[in-house]
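Every read-out reported here was derived from the displayed coordinates using simple, explicitly stated rules and does not represent laboratory data. From a predicted model like this one, the values you see are computed outputs, not experimental measurements. Note that each Cβ is placed from the backbone with ideal geometry, even for glycine, and that neighbours are counted across all protein chains shown.
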Amino acid sequence: MLPPPVGGAAETLAFGPAVCQIRGGMDLTFDAAHEAFRTEARAWLAAHVPAEPLPSLDTASGFEAHRAWEATLFADQWSVVSWPTEYGGRNLGIMEWLIFEEEYYRARAPTRVSQNGIFLLAPTMLEYGTPAQKQRFLTPMASGEEIWCQGWSEPDAGSDLAGIRARAVRNGSGDGWVLTGQKTWASRGAFAEWCFGIFRTDPEAERHRGLTYFLIAMDSPGVTVRPIPQIDGETGFAEIFFDEVTVPDAQVLGDVGAGWSVAMSTAGSERGLSLRSPARYTEAAARLIELFDQHGRPHMSADAVARAYIDAEAYKLHTYWTATKVARGHAVGPEASCNKIFWSETDVAIHETALALLGPRAELLEAGSPGAWLDGYLFALAGPIYAGTNEIQRNVVAERLLGLPRG
Amino acid sequence: MDFSFSDEQTELRQAVRQTLGRACPTSALRDFYEANAERRAALAHDRWNAFAALGAPGLLVPESADGLGLNDVDLVGVLEEAGWAALPEPLLETAGLAAPMLAALLPAASAATALGALLTGNAPVAVGGIDIGVAGPSSPTTVAADGMLRTERVVGARDAAVYLMACRDPDSGWQLHAVPAAVCAVHTTPTLDAARDLSTVHWPLSSDTLLAYGVAAEASISLMADRGAAGSAAFLVGLADRMITLAADYAKDRHQFGKPIGSFQAVKHLLANARVKLEFARPATYRAAWSLATAQPTVSHDASMAKAMASDAADLAARVALQVHGAIGYTWECDLHFFMKRTWALSAAWGNAATHRQLVLAQARRPHRSKG
């Protein structure tokens, strides 16, 4: 159809490396030190991650197996790489933490039984804790010797967390508090040694005022734990009843009456960077593509598989974007509420797509695939509910990012 | 790892926003929509000159060839601002596609002439003849009954002095030409977005206009397809941001049941969903720009991912913004339709979201574990 080309036109052309040099600013590669850290983490994990998956951490024996794994991590300083060295960390930055997480999920290492403590409480304690509190609590938290659960929700205070009724009053000797009330949906509550929670210390105060953040030993007299079987029959969370439980002043985190703002800093961590690292989703998406291949790449699943992969990848990029801000000393901000909506929905979508690929075999509970996808699906379904429901997060996005008026 | 823009890049973006605030407010878009051909040409010419004064057309051209010597990471913010303003003129085609291509092909005399015209700032460059499908780039260019080549959906032909045109022969492969406007027959095609300039162009095939063929043309087309996808993604991100902002402002102002409608959760959640999609389309779009600027081996994957996410984000923003505005948003009088119409056009141009998702999936099997 076209005549053969002649004249001075180019037939060969070299396009790279880049026509232009990047002048400062953006660089999406990791430097040699980061790559060396990655190599070290990868080698350690390859040598230490158990070959067989550990039993469920929501059983008594599985809980202890996971605790032992935490001790193994801690012994070689891999438990909390971003913490100060005095508490068992490596004093590394957020990028190293993300790299470690990428390698952790790549190695398919066990779920962190200590995650409530190390990811949710620890950032708050590092910010608000007294020197004595940090000294007392952080190291056993990092080693798995003491596992923490969260005492926030109550039967009548879920999404409306400011409606907390569990109360704390001054004790007779004036050196502590007496706690009474009920907390619920406490993950790891069935087996944990410690609980962090918020209680109403000023009965006259309204809503989010007059609340105080407490650290409570679960073996204190007056604490009763009633495990709640979850949708899979295992006791992943629990109700905790407090019947005149005495807690010394040394176990108040932050100021008396300032519990809401202290707690919100934990909530920020949970919704923001520390609870769900992107590696969790990029690894799940990579396994989804393997499953898609194993099933002959069926046309009807292609778009959903691509969406799942893209969203996991986008969450990773967004995390690097946010981590750059954090590394420069900026706050995460209300964008964190976008995060929580996005990762929880991505997690559900990845697992729904996998179950669709498995078709009639999806209901089988046998070990390995498909059972692992089903377990993952059940876990993913909790994501849009815990850590502040996605409906609450949408309110936060609308009010704090878009400036819409409170209803 | 540093995923942020430099201060200079932020300043460039602010300068573009200021320029567009003066040269392309919504009142100017309305004028442009409703003006006759002569008036439209004058408006377009003035607006292009305001942009050219910033050096924008030559942004990706090396300083040695009289350009600004900047890169795609600088350009992405400029394109996002152009999207925010729904700029009618072919900035992506001229600055993003034609200029760096002409500069890279400079030994060819036709490239030198065309690049010179582009950098003097009087006229944009039109681009046509490349589509993106699940099998990669293809060309809509065919041979017409009069023996000329016929290319539909050429962008920016009305005001351009030079047309960068592609064609593909099943046997001899791709050719890329820089064709003077004077030798082309141009039939402007009405489109839903009256500020968009699409034409069917009949052009003579001549060795005088040939820029590249064979392997070089294929590499050029591949790069243009990636830049087209990534650049339109940036434009769509700007459009999405603008539509969400317009709708949020309206929701704060409009009262029903004695309250601003933005205080109702049903309205909040619509807008929050659109805002979340935009939040995650942005870093994907910026990563694609970085991959273009640094010639990453993953550039096609990254550009496709950006376009898939930005198309979806802007489509949702358009849908939500219309719903939040209610009946007023469905009127000619409301400015929203300028942004919705450009969104619908660009969402489909350079490969739609579903197409790019399949392109991403085809390249997703090789994990790039140590790269961003």
Let me check the size of the range B:129-202 from its C-alpha atoms; what are the radius of gyration and Dmax in Å? 12.5, 38
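Could you list, in their original order, any pairs among A:Lys183/A:Lys325; A:Lys134/B:Lys277; A:Lys134/B:Lys268; A:Lys340/B:Lys252 whose Cα atoms are separated by more than 31 Å?
Working: A:Lys183/A:Lys325 36 Å; A:Lys134/B:Lys277 39 Å; A:Lys134/B:Lys268 41 Å; A:Lys340/B:Lys252 25 Å.
Violating the 31 Å Cα-Cα cut-off are A:Lys183/A:Lys325; A:Lys134/B:Lys277; A:Lys134/B:Lys268.
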Would you calculate the separation in nanometres between label points at A:Ala68 and A:Ala43, each defined as 7 Å from the Cα along the Cα-to-beta-carbon direction? 2.7
If the chain between A:Asp303 and A:Leu365 were fully extended at 0.36 nm per residue, the gain over the current Cα-Cα distance would be 19.6 nm
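Only four residue types carry charge here, +1 at the Cβ of Lys and Arg and -1 at the Cβ of Asp and Glu. Report the dipole size of the range A:33-113 about the Cα centre in Debye, rounded to the nearest 20.
Numbers: 7 positive and 12 negative charges, 17 e Å.
Value, rounded to 20: 80 debye.
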If you count, for each residue, the other Cβ atoms within 10 Å and average over each peptide, how do A:167-179, B:191-203 line up from highest to lowest? B:191-203, A:167-179
Please give the average number of partner chain Cβ atoms lying within 10 Å of the Cβ of each residue in A:392-400, rounded to a whole number. 5
Could you work out the Rg to Rh ratio of the range A:148-258, with Rh taken as the Kirkwood radius (inverse of the mean 1/r over all Cα pairs)? 0.97
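Using only atoms on other chains, find how many Cβ atoms lie within 10 Å of each Cβ of peptide A:323-335 and report the average. Show your work: numbers first, answer last.
Details: counts 2, 4, 2, 0, 4, 2, 0, 1, 0, 0, 0, 0, 3.
Mean inter-chain Cβ contacts per residue within 10 Å come to 1.
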Kirkwood-based Rg/Rh on the Cα set of the range B:118-267 evaluates to 1.16
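Within a 10 angstrom radius of each residue's Cβ in B:284-296, how many Cβ atoms of other chains show up on average? Whole number is fine. Mind dumping the intermediate values first?
Details: counts 8, 1, 4, 8, 1, 1, 6, 1, 3, 7, 10, 6, 5.
That average works out to 5.
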Where only alpha carbons of the range A:200-267 are counted, the Rg and the Dmax (Å): 14.5, 41
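Relative contact order for chain B using alpha-carbon pairs under 8 Å, separation at least 6, rounded to a whole percent? Don't jump to the answer; show the numbers that get you there.
Details: 670 pairs, mean separation 59.3, N = 372.
The value is 16 percent.
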Within the range A:114-173, list the GluC sites (Glu not before Pro) lying in a DSSP loop whose Cβ has at most 10 other Cβ atoms in a 10 Å radius. none
Would you compute the Debye intensity of the range A:181-315 from its alpha-carbon atoms alone, equal scatterers and no solvent, and pass along log10 I(q)/I(0) at q = 0.11, 0.17, 0.19 Å⁻¹ to two decimals? -0.62, -0.98, -1.10
Charge sum, other residues only, whose C-beta stays under 12 Å from A:Trp260's C-beta, Lys/Arg counted +1 and Asp/Glu -1: 0
Sort B:67-73, A:361-367, A:34-40, A:66-72 for me by packing, meaning the mean count of neighbouring Cβ atoms within 10 Å per residue, highest on top. B:67-73, A:66-72, A:34-40, A:361-367
Once the dipole of the range A:272-401 is set up from charges on Cβ (+1 Lys and Arg, -1 Asp and Glu), the residue from the list A:Ala349, A:Ala367, A:Ser337 lying farthest towards its positive end is A:Ser337
Could you compute the longest span of chain B free of chymotrypsin sites (Phe, Trp or Tyr not before Pro) located in DSSP loops and having at most 14 other Cβ atoms within 10 Å, not counting the site residues? B:1-256
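What value does the protein assembly as shown have for Rg/Rh, both radii from Cα atoms and Rh as Kirkwood defines it?
Numbers: Rg = 29.3 Å, Rh = 28.6 Å.
Taking Rh as the inverse mean 1/r over Cα pairs, Rg/Rh reads 1.03.
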Where does the charge balance sit around B:Gly21 when Lys and Arg score +1, Asp and Glu -1, over other residues with C-beta under 14 Å from its C-beta? +4
Pick from B:Arg13, B:Arg22, B:Arg168: which is most flexible by mean-square fluctuation in a GNM of chain B where alpha carbon atoms under 10 Å apart are linked? B:Arg22
